[in-house]
Every structure is written in structure tokens, then in C-alpha cells.
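Let me begin by presenting the structure, written as C-alpha cells, before commenting on it.
Just so it is clear, none of the values below were taken in a lab; they were calculated from the coordinates. Since we're looking at a predicted model, the values are computed, not measured. Here the Cβ positions follow ideal geometry from the backbone for every residue, glycine too, while neighbour counts run over all protein chains shown.
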Amino acid sequence: MTMQILSIGLVTLGTMGIIDLIAATTNAFNGALLARRPDHYRNFTVMGIIIMAYFGGIGGGVLRDVLVSKVPSPLVNPWYLILCFAAAALALLIEYNATAKFKDGLFQFMTAFSLPWYAIVGAQTAVDAKLGYVAAIIIGVIGTTGGRYLIDVTCNVIPKQFVRGEFFVLTAAMTAGLYLVLHFSLGWDQTLATAGAFLFGFGFRLTAQALGWEEWEPWEPAGVKTSEKTREKLGEGLHAEFERDK
Amino acid sequence: MTMQILSIGLVTLGTMGIIDLIAATTNAFNGALLARRPDHYRNFTVMGIIIMAYFGGIGGGVLRDVLVSKVPSPLVNPWYLILCFAAAALALLIEYNATAKFKDGLFQFMTAFSLPWYAIVGAQTAVDAKLGYVAAIIIGVIGTTGGRYLIDVTCNVIPKQFVRGEFFVLTAAMTAGLYLVLHFSLGWDQTLATAGAFLFGFGFRLTAQALGWEEWEPWEPAGVKTSEKTREKLGEGLHAEFERDK
Amino acid sequence: MTMQILSIGLVTLGTMGIIDLIAATTNAFNGALLARRPDHYRNFTVMGIIIMAYFGGIGGGVLRDVLVSKVPSPLVNPWYLILCFAAAALALLIEYNATAKFKDGLFQFMTAFSLPWYAIVGAQTAVDAKLGYVAAIIIGVIGTTGGRYLIDVTCNVIPKQFVRGEFFVLTAAMTAGLYLVLHFSLGWDQTLATAGAFLFGFGFRLTAQALGWEEWEPWEPAGVKTSEKTREKLGEGLHAEFERDK
């Protein structure tokens with residue numbers, strides 16, 4: 001019977017619905033891992049970590065749907081809640097058993113892997129709501145990075161969108177833009193356009209992490225004292241990992 | 001004339017509307033008290049404390065209504081604003097005159113007393129919006145705990161949902177769930193189901209506070225140093241009060 | 001062609017649409033300057049400052065539109081994004097070239113100049129959505145101060161609504177109220193009522209800044225230690241500037 005609900009759920013969802021579920025699940029996995037990292041951990045309870053996984057998993061999607069005046073998908077389809085819960089449990093299980101090095105690599109990899117999905121669904125959702133292409137990119141960015149914003153604000157951490165972070169926002173914007181070009185300008189089929197945009201976003205992000213590409217920070221304002229040490233902690237890419245290994 | 005508006009307002013509201021007003025008023029009272037507690041106080045002005053009372057009082061209800069794509073009730077019915085203002089004024093009056101011990105006891109008691117109302121209205125609102133029972137519980141939790149989230153984030157405090165706090169989220173979820181069972185499965189009348197769910201939520205919360213029941217905090221992540229002392233401060237129940245008295 | 005889009009955009013906008021664009025642009029300018037002030041600066045990247053300008057510029061308008069169940073104007077009309085971007089660039093250019101004294105004066109002046117617009121549009125939007133006059137003032141306040149709330153929370157600063165700040169919230173409320181009286185009670189034409197309310201809000205705010213008018217902070221709660229020094233930092237008016245010059 002459970003199987004039947006699943007199949008019905010997935011059939012009625014269509015391509016974008018399935019991608020939205022993938023987006024939620026992978027981001028929930030990442031949210032749970034993030035809540036356990038020393039820079040975000042604040043003596044959270046098990047319930048706290050589960051809510052954090054939901055923030056990461058469905059936060060961006062809920063913001064997206066509220067902005068286009070839709071009842072958020074996770075409230076309509078309970079599979080979001082089930083899959084996000086499973087993702088959080090899996091993340092905690094791995095976190096308990098794995099070495100620090102493996103966990104860090106997994107977190108970096110999943111950060112890249114989970115990023116493009118919401119950008120694509122967000123862009124498509126905005127177009128479905130009769131919004132223009134600029135708004136579609138904005139909605140793509142909000143869907144992709146909104147969950148992380150909620151997590152960071154909750155943990156009293158300056159949100160990642162605003163500080164050095166391997167082109168978090170730009171990757172989301174480019175992925176959404178590429179999807180729009182492939183699907184609407186070049187007429188690619190939805191699944192194919194999704195695959196193309198995903199591969200680009202995932203690849204760009206991994207490359208940025210591996211090579212330590214980071215956003216440009218402008219000149220310091222007068223009257224601010226910042227040590228290089230503070231800055232260094234803001235990067236969290238694989239590049240830093242590589243450097244540490246030397 | 002004022003009396004007439006009130007009676008019209010309350011008649012058109014129905015049971016759930018009245019319970020929503022009770023929820024807003026009791027939570028506003030608590031929000032004002034919370035803003036004055038040393039762990040949340042940040043040199044707030046009188047205006048700041050009033051806004052904080054509104055955050056606590058109508059924040060959860062506004063989030064709930066936005067999620068189901070409704071114009072929030074407090075914008076439609078000015079009685080929310082009037083009653084929340086009165087509750088904030090009363091809380092400040094008591095805060096000025098009472099002893100520390102009385103204030104603390106009152107805050108703990110009101111935390112329990114104000115909790116179940118929004119859980120019940122949230123669950124009913126979600127069902128009215130044709131959402132499923134799982135979504136109804138989620139909406140119940142968001143309505144109940146959303147105001148506290150806004151207050152804590154505003155005060156730069158880690159939100160109570162995420163740290164030890166006598167089953168804040170679980171109590172809200174169970175109260176919403178019980179209301180759904182009583183009203184929709186067992187066919188109890190709305191007022192009766194509300195009374196049942198309220199008594200359960202209020203009683204469970206008081207018991208958790210008195211006995212010091214708290215959520216389970218998992219193993220510390222590697223690389224995090226937390227003293228027992230930091231943890232202890234997170235609990236704020238009557239249990240701690242009792243302990244202190246010994 | 002660009003010119004044509006602009007003219008079409010502005011023609012269809014009407015008076016309130018144009019005022020909304022002015023509100024967004026001036027508040028975005030201020031948001032970018034704010035992100036660079038020592039009390040808010042947190043090693044932001046260029047992208048971070050741009051997003052902060054959008055928070056300040058369109059944050060309040062988005063909250064307002066979500067509350068009245070409308071798709072936010074900045075998602076429908078791309079000119080919001082273009083003008084906010086230009087305002088942020090201009091602010092950074094000035095910030096790079098100007099002296100500390102000039103920047104500070106400009107920021108104070110712009111804080112007053114950008115304040116009344118959103119209060120007026122918010123009040124009108126609420127009335128258009130068939131909400132009452134009390135709700136219209138609340139929506140005016142949320143539109144005016146919502147962007148600043150998002151910026152402050154993002155920067156881990158206690159939001160300005162809650163601490164001493166030259167009647168930030170009250171000025172917004174009075175401006176919205178005056179617009180409603182002029183337009184709906186006295187029957188002034190929309191443009192004239194806007195001009196009247198703007199002049200009042202701008203003038204009141206400038207006066208409050210120049211004379212150092214600040215909200216009343218109630219008695220300290222027991223158990224809180226606050227030095228006078230901490231408090232002083234919360235004021236940011238021209239009055240403090242004048243004092244410093246002596």
C-alpha cells in the first residue's frame with residue numbers, strides 16, 4: 001500500500017515534482033550535516049537537528065512557493081517530509097560512524113550535488129507563474145539558497161550568501177539561467193534541459209571548490225579591523241582541505 | 001459602540017476565531033515578559049517591547065496564514081492588535097511590580113498555558129485549506145512556535161525549537177494531532193475537541209517543566225568543546241526553579 | 001528599445017508604482033551604505049553587498065506584498081532589480097571616494113529621505129486589498145522597516161525597530177496615518193497626499209536626528225547589567241555627529 005501511494009505520488013508529480021523532491025532530500029541531508037559542523041553546532045537536540053534538516057531541505061522551496069502565492073508543495077505532498085526525515089537520519093548515521101576527513105569531503109561533495117536542483121525548479125516555477133526570465137533567475141536563487149539562509153540565521157552565523165563561499169549565489173543564478181536558455185530558447189525537452197543545467201551547476205561548483213575560487217571581497221571600510229585569520233575560516237571548500245593535507 | 005463592534009467581531013469569528021484571539025493574547029503576554037528576561041533583554045525601548053509582544057502574539061498566526069495563502073487574520077480583525085497591546089501592557093505592569101520569583105513562575109505557567117491554542121487553530125486552519133493531516137500537524141507546530149522563533153532570532157538567541165526546552169515542539173505536535181483525532185476521527189464537537197487537546201497540551205507541558213523532562217541531545221560532534229555549564233542555562237523549566245530553591 | 005520598456009513600465013505603474021520604485025531605489029542605496037558601516041560590516045563580498053542592497057531595497061515591499069497575498073512587485077517588474085543594482089553601485093562608488101564625515105552625513109540624510117515612501121505605498125496597498133485603516137498603518141510600517149529588519153538580522157545586529165533609533169517605527173506609522181487622513185478623510189488627490197505625507201515624515205525624521213530625539217527605554221530588568229557606553233552606540237543620529245564635533 002505504501003508502494004502504491006509512492007507511485008501515485010511520483011506519477012502525478014511530473015518531471016519538476018520529482019526534481020523538487022530530489023532537491024529537498026539532498027538539501028535536507030546537507031542541512032543535518034551542517035547542523036553538526038563545529039561552526040554551526042549549538043548544542044542542538046535531536047529534534048533541533050531534524051528541524052534544521054527541514055529548514056535546509058524545504059526552506060528554499062517554501063520561500064519560493066510563498067513568493068509566487070502558492071501553497072508550498074511540502075504541505076501538499078507528505079513525501080517531502082518523509083524523505084527529508086530519512087535524509088536527516090542517514091546523515092546522522094554517517095556523521096556518527098565516519099572519520100572527520102570523510103565527513104568533510106562528503107559535505108563538500110553534497111553541497112555541490114544538492115545545489116542545482118532547486119535552481120532549476122525555481123526557474124520553471126516562476127515561468128509557470130507567468131513571471132519573466134529575470135524573476136525566474138531570482139526565484140531560482142531564492143529556492144537554492146533560502147534554506148541555507150534560514151540555517152545560518154538560526155545558528156547566529158553570517159549567511160553564506162554574503163561572505164566568501166565559492167560562488168554559491170552565482171552558481172545558482174547561472175544554473176537557473178542555463179536551464180531557461182536550454183528549455184525556452186533552444187527548445188530542449190524539460191528532462192534534457194534539466195540534465196544540462198545540473199551538470200553545469202554541479203561541475204562549476206565542484207571546480208570552484210577544488211580550485212578555491214571565491215568571490216571578490218572589496219576594500220575594507222575605514223574603521224574596521226579584520227585579521228586574515230577571520231577571513232580564512234569563511235572559505236569552506238575542498239581547496240582548503242587540499243591545502244591542509246600538504 | 002465599542003461593545004457592539006466587539007460583539008459583532010466575536011460572533012462572526014466562531015469558535016476557532018475566538019481561540020485564535022486567545023492564542024494571540026496569551027502569547028503576546030508571554031512575548032513581552034520574554035523580552036524583559038535577562039537572556040533576551042537587549043536594551044529594548046518601549047516600542048521594541050510592544051513589537052516583541054506582537055511577534056510573540058501574532059507572529060505564529062501570520063506565518064500560518066501566509067503558508068496557506070490567506071491574508072493573515074490580525075490584518076483583517078483589529079481586535080488582535082488591541083488585545084495584544086493590552087496583554088503587553090499588563091505584562092509590563094506585572095514585571096515592574098512583582099518579585100523575581102513570582103515573575104519566573106508566571107512566565108513558566110503562561111508558557112504552558114499559551115502553548116496549546118495555536119496548535120489547535122493551526123491544525124484546523126490546515127484542514128480548512130484542504131491540506132492533509134500531516135501538513136495540519138506541521139502548520140500547528142509553526143503557528144505555535146513561529147512567534148518564539150522570531151523573538152529568539154531578533155534577540156540573537158538560538159531559537160528554543162533547536163535546544164533543550166521541555167519538549168516545546170513535540171508538545172505542539174501532539175496537541176495538534178490529538179485535536180485532529182478527537183474532532184475528525186472520533187467526531188467530537190469542535191469545542192469539546194479543543195478542550196480535550198488543550199488540557200492534554202497544557203498538562204503535558206506543565207509536567208515536563210515540573211519534572212525537568214528535556215529533549216535528548218545527541219553525542220557531541222568532534223571538534224566541539226561544550227561545558228556542562230553552557231547546557232544547563234538552556235533549560236528554563238520549573239524543575240530548575242525547584243533545584244535552585246533547595 | 002530599452003527606453004521603450006522603461007516608458008511602458010512607468011506608464012502602467014501609475015503614481016503608487018512610481019513611488020514604490022523610488023522607495024526601493026533609495027532604500028537599496030541606504031542598504032549598501034549600511035552594509036559597509038563598521039557596526040554592520042562582516043567581511044561581505046561584492047555579491048553580499050548587492051544582496052544586502054536588495055534586502056534593504058525590496059525586502060520591505062516583498063514582505064508587504066506577501067502579507068496581502070500578492071506576487072511581489074519586484075518579481076513582476078524587472079526595473080526594481082535594475083534600479084536597486086544601480087543604487088548599490090552608486091553607494092559603493094561614493095563610499096570609496098568620500099570622507100568618513102561626508103558618508104555619515106549622507107547615510108543619515110538618506111535614512112530620513114528614504115523612510116516615508118514605503119509607508120505611503122504600504123498604506124495604499126492595504127486599502128486596495130480591502131483591509132482596514134489600522135492594518136494599513138501596520139502594513140505601512142512593515143514595508144518601511146522590513147528591509148532594515150532583514151539586514152540587521154543578517155548582520156547579527158539587534159534590529160533597529162527594537163532599540164533607540166530616533167522614532168524609526170513611529171515615524172513610519174505617523175507617515176502612513178497622515179497619508180490615509182489626507183487622501184481618504186480629506187479627499188486630497190493621491191499625488192498631493194503623498195507629497196504632504198512625505199514632507200511630514202522626512203521633516204520629522206530629520207528633526208529627530210538633529211535634536212537627538214529617541215524612544216524611551218524603560219527601567220532595566222533585574223539581573224541585567226548594561227553600561228551607559230553600550231547604550232550610546234545604539235543611537236546613530238546626526239545629534240551624535242554634532243556632539244562628536246564639539
- Highest-MSF residue in chain B out of B:Tyr80, B:Tyr179, B:Tyr133 [GNM, Cα springs under 10 Å]: B:Tyr133
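Under unit Cβ charges (Lys, Arg +1; Asp, Glu -1), what dipole magnitude, rounded to 20 debye, does segment C:83-219 have relative to its Cα centre? Walk me through the numbers before you get to the answer.
Details: 7 positive and 9 negative charges, 21 e Å.
The calculated dipole for segment C:83-219 is roughly 100 debye.
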- Item | Position A:Val46, label points 7 Å along Cα→Cβ, spacing to each other copy in nm (shortest first, one decimal) | 4.9, 4.9
- Item | Electrostatic dipole magnitude of the protein assembly as shown [Cβ: Lys, Arg +1; Asp, Glu -1; Cα centre; debye, to 20] | 280
- the protein assembly as shown - mean residue ellipticity at 222 nm from DSSP helices (-39,500 (n - 2.57) per run, n ≥ 4, rounded to 500): -25000 deg cm²/dmol
- Item | Residues A:Thr207 and A:Ile94, FRET efficiency given R0 of 30 Å [Cβ-Cβ distance, rounded to 0.05] | 0.75
- Message: Order these by the 10 Å Cβ neighbour count, fewest first: A:Phe184, C:Phe162.
- Response: A:Phe184, C:Phe162
- Task: Pop a pseudo-label 7 angstrom from the Cα along the beta-carbon direction at both B:Lys130 and C:Ser69 and give the gap in nm to one decimal.
- Result: 1.3
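State which entries of B:Lys103/B:Lys160; A:Lys103/A:Lys160; A:Lys70/B:Lys160; A:Lys130/C:Lys160 exceed 26 angstrom in Cα-Cα distance in the structure shown.
A:Lys70/B:Lys160; A:Lys130/C:Lys160
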- Note on the structure: For segment B:1-158, whose charge dipole is built from +1 on Lys and Arg Cβ atoms and -1 on Asp and Glu Cβ atoms, the candidate among B:Phe29, B:Thr99, B:Ala129 with its Cα farthest towards the positive end is B:Thr99
- Message: Placing the label point 7 Å from Cα along the Cα-to-Cβ direction, what are the distances from C:Trp216 to the equivalent spots in the other copies, shortest first, in nm to one decimal?
- Response: 5.2, 5.2
- Around C:Ile58, with a cut-off of 14 angstrom between Cβ atoms, what is the net charge of the other residues, counting Lys and Arg +1 and Asp and Glu -1? +1
- Query: Which ³J(HN,Hα) values, rounded to whole Hz and listed in residue order, are derived for segment C:197-213 from phi using the Karplus coefficients 6.51, -1.76 and 1.60 in 6.51 cos²θ - 1.76 cosθ + 1.60 with θ = phi - 60°, glycine and proline given as x?
  - Reply: 5, 4, 4, 4, x, 4, x, 4, 5, 4, 5, 4, 5, 5, 8, x, 5
- Along segment C:180-185, Karplus-curve 3J(HN,Hα) (6.51, -1.76, 1.60; θ = phi - 60°) to the nearest Hz, with x for Gly and Pro, reads 4, 4, 4, 7, 9, 7
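List B:Val141, C:Val127, A:Val181, A:Val163 from most exposed to least, where exposure is judged by having the fewest other Cβ atoms within 10 Å. All intermediate terms of the calculation are to be shown ahead of the outcome.
Details: B:Val141 27, C:Val127 18, A:Val181 15, A:Val163 23.
Exposure proxy ranking, most exposed first: A:Val181, C:Val127, A:Val163, B:Val141.
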- With +1 on each Lys and Arg Cβ and -1 on each Asp and Glu Cβ, and nothing else charged, work out how big the dipole of chain C is about its Cα centre, in Debye to the nearest 20. 340
- Pick out, from B:Thr154, B:Pro221, C:Phe109, the residue whose Cα sits farthest towards the positive end of the charge dipole of the protein assembly as shown, with +1 on the Cβ of Lys and Arg and -1 on the Cβ of Asp and Glu. B:Pro221
- Largest-first principal axis extents of the Cα set of chain B (Å): 53, 41, 33
- Query: Between the DSSP loop rule and a limit of at most 10 other Cβ atoms within 10 Å, which trypsin sites (Lys or Arg not before Pro) in segment C:119-160 are left?
  - Reply: C:Lys130
- With chain B treated as a Gaussian network of Cα nodes joined by springs under 10 Å, which of B:Leu67, B:Leu92, B:Leu83 yields the largest mean-square fluctuation? B:Leu67
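Arrange C:Arg36, B:Arg205 by Cβ neighbour counts within 10 Å, fewest through most, would you? Intermediate results must be reported in sequence, preceding the final value.
Numbers: C:Arg36 23, B:Arg205 28.
Lowest to highest Cβ neighbour count: C:Arg36, B:Arg205.
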- What is chain B's relative contact order, in percent, from Cα pairs under 8 angstrom and six or more apart in sequence? 20
- Note on the structure: For C:Phe167, the residues 5 or more places away or on another chain with a placed amide H closer than 5 Å to its own amide H are C:Glu215
- Shortest first, in nm, what separates the label point of C:Thr191 from those of the same position in the other copies (7 Å along Cα→Cβ)? 5.8, 5.8
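Once fully extended, how much extra length lies between C:Val76 and C:Asn156, figured as 0.36 nm per residue of separation less the alpha-carbon to alpha-carbon distance? Don't skip to the end; give the middle numbers.
On the way: separation 80, 0.36 × 80 = 28.80 nm, distance 3.07 nm.
So the extension gain works out to 25.7 nm.
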- Computed over the protein assembly as shown, the Cα gyration tensor eigenvalues, each multiplied by 5 and square-rooted, give semi-axes in Å (largest first) of 34, 34, 29
